[in-house]
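One structure follows; several queries about it will come next.
The values are calculated or read from the model by the stated rules, or taken from the named source; none is laboratory data. A quick note: this is a predicted structure, and the numbers were derived from the prediction, not measured. Cβ placement follows ideal geometry from the backbone for every residue including glycine, while neighbour counts extend to all protein chains displayed.
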């Protein structure tokens with residue numbers, strides 16, 4: 001498998017993201033072939049959608065002010081988290097654990113990193129539709145049956161640092177179900193499902209970086225995937241809370 005970081009430069013609200021990516025690929029002498037995968041950072045998708053908020057335009061509620069004081073957050077940011085999150089579980093200084101689009105994430109995916117001063121970016125709207133439209137436009141404009149993944153930074157409980165997490169996928173099966181297969185000793189595999197989209201997200205995240213790289217796109221070639229025409233949103237990638245070892249254990253503990 002080969003991965004290439006694609007330097008796009010700044011993508012601004014209203015820009016055509018597909019055209020920006022294709023221009024950047026041409027500038028780096030990279031061509032698209034069938035079964036290539038384009039991994040896009042959620043932030044660049046959000047930028048193109050105009051999902052940027054000026055904090056001074058946000059009026060905090062009383063609940064937001066209390067939340068901000070408790071967790072050392074800007075009160076405007078706390079208000080946006082209340083609006084965007086489906087549930088808030090608690091947190092630490094400057095970070096709240098939230099549920100958003102079937103994903104446990106910090107601050108409902110809202111981020112001030114690599115946003116203009118005084119602004120934050122929200123997660124893209126309607127991720128499943130967004131990834132479908134992006135793939136269709138790439139296929140239409142290039143004639144190549146490429147796949148697309150939208151990714152963001154995520155966390156693993158009790159592990160230091162961020163990793164890549166797949167939010168939406170179009171063009172390949174994001175889960176390899178290993179249940180019913182045999183292991184090296186002939187034992188039947190009972191519960192393992194291989195999150196191949198997450199593996200790809202992590203590999204791309206390594207090249208994307210977290211600061212000034214300006215590489216929000218990674219081109220992946222020769223990935224060992226099961227390509228299809230499916231579109232998979234957060235709800236398709238999610239595990240029911242009743243089957244999640246973390247959620248089930250924490251609820252039982254409470």
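Does the stretch 170-184 contain at least one residue that is free of Cβ contacts under 8 Å to residues at least 40 places away in the same chain, surrounded by 11 or more Cβ atoms within 10 Å (Cβ to Cβ), over 13 Å from the mean Cα position of the chain (by Cα) and on the phi > 0 side of the Ramachandran plot?
No; the residues of the stretch 170-184 include none that is free of Cβ contacts under 8 Å to residues at least 40 places away in the same chain, surrounded by 11 or more Cβ atoms within 10 Å (Cβ to Cβ), over 13 Å from the mean Cα position of the chain (by Cα) and on the phi > 0 side of the Ramachandran plot.
Can you confirm whether residue 68 is over 30 Å from residue 219 (Cβ atoms) and in a helix (DSSP H, G or I)?
Yes; evaluated as a whole, the condition is true for this residue.
Something else now. What residue, of 108, 95, is in the same structural domain as residue 57 (by TED's automatic domain parsing), in contact with a helix residue (DSSP H, G or I) (Cβ under 7 Å, 6 or more places away or on another chain) and surrounded by fewer than 18 Cβ atoms within 10 Å (Cβ to Cβ)?
95
Still on this structure, please answer the following. Can you tell me which residues in the stretch 131-149 are in a helix (DSSP H, G or I), in contact (Cβ under 8 Å) with a residue 60 or more places away in the chain and surrounded by 15 or more Cβ atoms within 10 Å (Cβ to Cβ)?
Within the stretch 131-149, 131, 132, 134, 135, 137, 138, 142 qualify.
Among the residues that make up the stretch 197-209, is at least one of them more than 16 Å from the chain's Cα centre (by Cα) and without any contact (Cβ under 8 Å) to a residue 60 or more places away in the chain?
The answer is no, given that none of the residues of the stretch 197-209 is more than 16 Å from the chain's Cα centre (by Cα) and without any contact (Cβ under 8 Å) to a residue 60 or more places away in the chain.
Could you figure out which of (1) part of a strand (DSSP E or B); (2) touching a strand residue (DSSP E or B) at 6+ places or on another chain (Cβ under 6 Å) isn't true of residue 128?
(1)
For the stretch 19-34, state whether one or more residues are in a strand (DSSP E or B) and touching a helix residue (DSSP H, G or I) at 6+ places or on another chain (Cβ under 8 Å).
Checked against the condition, which is being in a strand (DSSP E or B) and touching a helix residue (DSSP H, G or I) at 6+ places or on another chain (Cβ under 8 Å), the stretch 19-34 yields no hits at all.
Filter the strands (runs of 3 or more DSSP E) completely within the stretch 150-254 down to those with at least 1 residues that are within 20 Å of residue 122 (Cα to Cα) and touching a strand residue (DSSP E or B) at 6+ places or on another chain (Cβ under 9 Å).
163-172, 217-221
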